[in-house]
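To keep things clear, I will list the structure first and then write my remarks on it.
None of the figures in this text is laboratory data; all of them are computed from the coordinates on show. Predicted, not measured: the structure shown is a model, and the values here were computed from it. Backbone-built Cβ (ideal geometry, glycine too); neighbour counts: all protein chains shown.
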Amino acid sequence: MKCHKEFVWAVLLFMCLPAAAEDTALDAANIAAPDLGDPKLLQAKPGRCIALHQGQACFQKIVLRWSTPAPEEYCLIEHSSDSEIVCWQGLNMSRYKHAFESAHDETYLIRHKSSGAIVAHTRITVAWVYKRSKNVTTGWRLF
């Protein structure tokens, strides 16, 4: 009977650990990450760009769609370069076709023009088919 009690306690312990770990991870993510607005307000299709080899630039036409909370002036921003892609006044603009070109993941933001507050964000991830080889091979062999 003692073995049975130890087994029950072990099962209960394992059931509680993942939930506690998830709560801790969420708290750490909320503390460490800056406020980038609501990710549901800005979406990109496709959300992943695939390059042939690791480290190569990926080229993809993406469509960014968004909704803004108020009819004010906003800008779509490329986060890594902090450059404005397009700005608009009001609610009339909700879609933009963008030529994505990067070897790394990129985050796009919608920023309120006058206050600088970030309203929404989305991320394009870059993947590759072939991982970079650790051994550099050349096409020439002498022997």
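Please compute the Kirkwood hydrodynamic radius over the range 42-130, one decimal place, Å, based on all pairs of different Cα atoms. Don't jump to the answer; show the numbers that get you there.
On the way: mean 1/r = 0.0742 Å⁻¹.
After inverting the mean inverse Cα-Cα distance, the result is 13.5 Å.
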FRET efficiency for residue 129 and residue 79, using Cβ-Cβ distance with R0 set to 22 Å, rounded to 0.05: 0.30
